[in-house]
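Inspection log for the structure reproduced underneath, given as structure tokens.
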Amino acid sequence: MEHIILHTIEHALEDSLKMLPFLFLAYLLIEWLERHHGERIENALAGGGRWGFVPGAVLGIVPQCGFSALAANLYASRVITPGALLAVFVATSDEAVPLLAAEPSLWGTLPLLLIGKVVAGVAGGFLLDVPLRRVLPARLYGGYAGHADDIDCHEEHEEHSGVLLAALRHTVEIFLFILLFSFLIGFAFELIGEDTITAFLTGMGIFQPMAAALVGLVPNCAASVLLAQLYAQGAISFGSLFAGLCAGAGIGLAVLWRVNPSWKQNLFMTGILWAGGSVCGIVLQFLPL
């Protein structure tokens, strides 16, 4: 057992350290965007009105969970529509984007993932805001009331620290997540056997994206890190990765349940996230990707 643990730690460190420079560059870019263009991005999201799901899907792909939390607050304040909220949630990729970008062998996957999530976000937002708006009861629909309430929707970023220090802090935090999950996944593979785990996940067939979507609903960036790691290990398919990341809204889902008083609306949005992610993942299972 001691040999297995030491061997797993060695491999986890080796794999994780390779990603450090790529992670730092990715977070450096993210911090710069948040500092210099954060307020413009927030205003674009809040000013979208009935068509807010379009900028929502585009903004959601920025790899951090701040926009999903912002969108949840704007929805609870009836500033954006449920379609805009859904678009942001579906497009949000949280920590998976810098993680996948840190692995050169997965660079070909990243454009497919981002474009696909934007398309899924726009499509989901359109369906919810245009045809379904006339069908759903107002209490279940919620959201945009035709005007913006007087709320302060500008999130405070870490203005007290420089871009380099903030990027370094995020890099260290996610590196520790990666190291932990690399160890846990590696230990499971060593203990149970890679062939056994891969065969189990592969044998789930149509249920694999559905299970991945359930993991994605966990309101923490650790879920997206786990999904990305499982995909990098070859344990889940691209369809399952897509399903999990479509259902994953970072901390946005937790914020929604905290700030929006209607549990029916919150449950409805959570169910749509899981169902939409599952359907997208199942469809992708049959495509030659």
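Looking at 23, 113, which is the one that is closer than 24 Å to residue 226 by Cβ and modelled with pLDDT of 80 or more?
Numbers: 23 fails: modelled with pLDDT of 80 or more.
The unique qualifying residue is 113.
Mind checking which residues of region 118-130 are open to solvent by 30 Å² or more (accessible area, probe 1.4 Å) and either within 12 Å of residue 60 (Cα to Cα) or at pLDDT below 90 (or both)? Spell out how you get there, then give the answer.
Filtering region 118-130 down to residues open to solvent by 30 Å² or more (accessible area, probe 1.4 Å) leaves 118-119, 122-123, 126-127, 130.
Across region 118-130, the qualifying residues are 118, 119, 122, 130.
Does region 69-91 hold any residues that are within 26 Å of residue 109 (Cβ to Cβ) and touching a Leu at 6+ places or on another chain (Cβ under 8 Å), and which are they?
First, the residues of region 69-91 that are within 26 Å of residue 109 (Cβ to Cβ): 71, 86-91.
Once the filter is applied, which keeps residues that are within 26 Å of residue 109 (Cβ to Cβ) and touching a Leu at 6+ places or on another chain (Cβ under 8 Å), region 69-91 yields 71, 86, 88, 89, 90, 91.
For the condition touching a Cys at 6+ places or on another chain (Cβ under 8 Å) and under 16 Å from residue 280 (Cα atoms), what is the one hit in 90, 119? Can you show your working first?
Values: 119 fails: touching a Cys at 6+ places or on another chain (Cβ under 8 Å).
Unique residue meeting the criteria: 90.
Any residue at all in region 263-276 that's more than 17 Å from the chain's Cα centre (by Cα) and polar (S, T, N, Q)?
Step one: list which residues in region 263-276 are more than 17 Å from the chain's Cα centre (by Cα), which gives 263-268.
So of that shortlist, the ones also polar (S, T, N, Q) come out as 265-266.
Taking every residue of region 263-276 in turn, at least one turns out to be more than 17 Å from the chain's Cα centre (by Cα) and polar (S, T, N, Q).
Give the residue, chosen from 286, 268, that is aromatic (Phe, Trp, Tyr), open to solvent by 10 Å² or more (accessible area, probe 1.4 Å) and modelled with pLDDT of 90 or more. Steps first, answer last, please.
Working: 286 fails: modelled with pLDDT of 90 or more.
Checking each option against the conditions leaves just 268.
Is region 36-49 home to any residue that is among the acidic types (Asp, Glu), open to solvent by 20 Å² or more (accessible area, probe 1.4 Å) and at pLDDT 80 or above?
Initial filter on region 36-49 (among the acidic types (Asp, Glu)): 39, 42.
So of that shortlist, the ones also open to solvent by 20 Å² or more (accessible area, probe 1.4 Å) come out as 39.
Next cut, at pLDDT 80 or above only: none.
There is no residue in region 36-49 that is among the acidic types (Asp, Glu), open to solvent by 20 Å² or more (accessible area, probe 1.4 Å) and at pLDDT 80 or above.
Please list, ordered by residue number, the helices (runs of 4 or more DSSP H) wholly in region 216-289 having 3 or more residues that are in contact with a His (Cβ under 9 Å, 6 or more places away or on another chain). Outline the logic, then answer.
Working: elements: 221-232, 238-247, 252-259, 263-285.
Per the criteria, no element qualifies.
Identify the single condition in (1) at pLDDT 75 or above; (2) within 30 Å of residue 229 (Cβ to Cβ) that residue 157 does not satisfy, given that it satisfies every other one.
It fails just one condition, (1).
So, in region 230-260, of the ones that are touching a Ser or Thr at 6+ places or on another chain (Cβ under 7 Å) and crowded, with 24+ Cβ neighbours inside 10 Å, which residue ends up farthest from residue 77 (Cα to Cα)?
Only one residue tops the list, namely 243.
Can you tell me which residue within region 77-117, out of those that are more than 18 Å from residue 53 (Cα to Cα) and open to solvent by less than 10 Å² (accessible area, probe 1.4 Å), is farthest from the chain's Cα centre (by Cα)? I'd like the intermediate steps shown before the answer.
The initial filter retains those residues of region 77-117 that are more than 18 Å from residue 53 (Cα to Cα), namely 94-113.
If we keep only those that are open to solvent by less than 10 Å² (accessible area, probe 1.4 Å) as well, we get 94, 96, 98-100, 102, 113.
Details: 94: 4, 96: 7, 98: 11, 99: 12, 100: 13, 102: 17, 113: 11 Å.
Filtering first and then ranking leaves 102.
Does residue 71 satisfy the condition of being in contact with a Pro (Cβ under 8 Å, 6 or more places away or on another chain) and at pLDDT 75 or above? Lay out the reasoning, then the answer.
Values: in contact with a Pro (Cβ under 8 Å, 6 or more places away or on another chain): no; at pLDDT 75 or above: yes.
Answer is no for this residue.
What residue, among those in region 180-219 that are open to solvent by 40 Å² or more (accessible area, probe 1.4 Å) and under 14 Å from residue 95 (Cα atoms), is modelled with the highest pLDDT?
218
The values are calculated or read from the model by the stated rules, or taken from the named source; none is laboratory data. All figures in this text were calculated on a predicted structure; none of them were measured in a lab. Every residue, glycine among them, receives a Cβ derived from its backbone with ideal geometry; neighbour counts consider all protein chains shown. Side chains are part of the model used for accessible areas, which takes the heavy atoms of the whole protein and leaves out ligands, DNA and RNA. Shrake-Rupley method; radii C 1.70, N 1.55, O 1.52, S 1.80 Å.
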